[in-house]
Amino acid sequence: VSRANRNTPKRSKASESRYALFEFEREFPDDATCLEYLVRQLYPDGIYCPSCKKVTKHYRDKSRPSYSCEFCGHHEHPMRGTIFQDSATSLRLWFYAIYLMTSTRCGISAKQIERELGVTYKTAWRMFNRIRSLMAEDVGKLSGNVEVDETYVGGRRRYKNRKEAALNWSLHKQVVAGHAERGGKLRAIHLPGGTAEALVPLVHEYILPASTVYTDELPAYASLNKEGYEHKRIHHTAKVYVKGDVHTNTIDGFWALLKHGLRGVYHGVSAKWLQAYLNEYSFRYNNKGQDLFSLALSNVRKASSQSPS
Ligand SMILES: [Zn+2]
């Protein structure tokens, strides 16, 4: 039996991790390896030169994070138009921040990124939001058996007393609609200033007709049956939570995870950022068991691509 080599660790098969810290350090020891990775990601067919009007070999420039065409010297800047543009922070620190944000189950705060990276809070917050944009995925229309539910998330407001809190509660609680396809993906939508009336149009927008929709007994959902959906309701007020397949356990589980995270990691969230948090949590939930780090990196895009599509 050979002894484990402590200098070359291996990820345990039993670990929930899909990408461990030592793997990150091995794969991305410096800025150059991060930039090469980004180039492979952004230019899978090679770099197109607009002067030569074809894909040509581009060489890495020595002192800048850019590449030059071997024929005409055209400069290509891989980071331009991406979330990494105009940042003084090294690309490796960016990658490390992405690693941190995708390797925790309940998320990580901008404050924690500030501490881990040794950057200012302003920089950490900016990175945090840009990285989160990589986690906004369009899951398309849901179908089959879909649980539909709504929940209320509190704003970051403090009240002088209970009476004031009670009066303002509904004003500052934010409505979040959730659609969860059983055995499939999930979508969470913030309804700014939303009311229950807004919930049914969302079903039309995001769930294919002829699907079976499971809801609670909120009156707003009453019209779904007439609108082409098979509609099954759970009678929560009668303390019936599960009756055969009529339940909303899938989406309830997500709400629990979301609220746990908002309380523990983010200490409340303002309405302005709520959708971004929902996207982040949905991304983790929808891609459970996958290498979220590579997945987030694969979502890096150029805002305005110069190469022909
Ligand atoms: Zn060229």
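Got at least one residue in the range 71-88 being more than 20 Å from Val119 (Cβ to Cβ), polar (S, T, N, Q) and at pLDDT below 95? Before the answer, list the steps.
Within the range 71-88, the subset more than 20 Å from Val119 (Cβ to Cβ) is 71-78, 80-81.
Still in the running and polar (S, T, N, Q): none.
There is no residue in the range 71-88 that is more than 20 Å from Val119 (Cβ to Cβ), polar (S, T, N, Q) and at pLDDT below 95.
Taking Lys10, is it within 16 Å of the ligand (Cβ to nearest atom), over 24 Å from Trp94 (Cβ atoms), loosely packed, with under 13 Cβ neighbours inside 10 Å and free of Cβ contacts under 8 Å to residues at least 40 places away in the same chain?
Criteria not met by Lys10.
For the range 68-78, enumerate the residues that are surrounded by 14 or more Cβ atoms within 10 Å (Cβ to Cβ) and near the ligand (Cβ under 8 Å from one of its atoms).
Result: Cys69, His74.
Please verify whether the range 97-116 includes one or more residues that are closer than 28 Å to Phe254 by Cα, aliphatic (A, V, I, L, M) and either within 16 Å of the ligand (Cβ to nearest atom) or part of a loop (DSSP other than H, G, I, E, B) (or both).
Yes, the range 97-116 contains at least one residue that is closer than 28 Å to Phe254 by Cα, aliphatic (A, V, I, L, M) and either within 16 Å of the ligand (Cβ to nearest atom) or part of a loop (DSSP other than H, G, I, E, B) (or both).
For Arg18, are the conditions met, namely being charged (D, E, K, R) and closer than 17 Å to Ala296 by Cα?
yes
Going by the structure shown, is Tyr43 in contact with a strand residue (DSSP E or B) (Cβ under 9 Å, 6 or more places away or on another chain), aromatic (Phe, Trp, Tyr) and surrounded by 13 or more Cβ atoms within 10 Å (Cβ to Cβ)?
yes
Tell me whether the range 63-72 contains one or more residues that are part of a strand (DSSP E or B) and either in contact with a Gly (Cβ under 8 Å, 6 or more places away or on another chain) or without any contact (Cβ under 8 Å) to a residue 24 or more places away in the chain (or both).
Among the residues of the range 63-72, at least one is part of a strand (DSSP E or B) and either in contact with a Gly (Cβ under 8 Å, 6 or more places away or on another chain) or without any contact (Cβ under 8 Å) to a residue 24 or more places away in the chain (or both), which makes the answer yes.
Given the range 149-267, what strands (runs of 3 or more DSSP E) lie entirely inside it while holding 2 or more residues that are within 17 Å of Tyr277 (Cβ to Cβ) and at pLDDT 90 or above?
In the range 149-267, the matching strands (runs of 3 or more DSSP E) lie at 174-181, 186-191.
Name the residue that is farthest from the ligand (Cβ to nearest atom), counting only residues in the range 28-59 that are more than 26 Å from the chain's Cα centre (by Cα), under 20 Å from Arg301 (Cα atoms) and not in a loop (DSSP other than H, G, I, E, B).
Only one residue tops the list, namely Ala32.
The rows are residues; the columns are (1) over 26 Å from Leu278 (Cβ atoms); (2) in contact (Cβ under 8 Å) with a residue 24 or more places away in the chain; (3) buried (at least 20 other Cβ atoms within 10 Å of the Cβ); (4) under 17 Å from the mean Cα position of the chain (by Cα).
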{"position": "Arg80", "(1), (2), (3), (4)": "yes, yes, no, no"}
{"position": "Thr89", "(1), (2), (3), (4)": "yes, yes, no, no"}
{"position": "Leu93", "(1), (2), (3), (4)": "yes, yes, no, no"}
{"position": "Ile98", "(1), (2), (3), (4)": "no, yes, yes, yes"}
{"position": "Ile113", "(1), (2), (3), (4)": "no, no, yes, yes"}
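The values are calculated or read from the model by the stated rules, or taken from the named source; none is laboratory data. Keep in mind it's a predicted model, so treat the numbers as computed, not measured. Cβ sites come from the backbone with ideal geometry, for glycine too, and all protein chains shown count toward neighbours.
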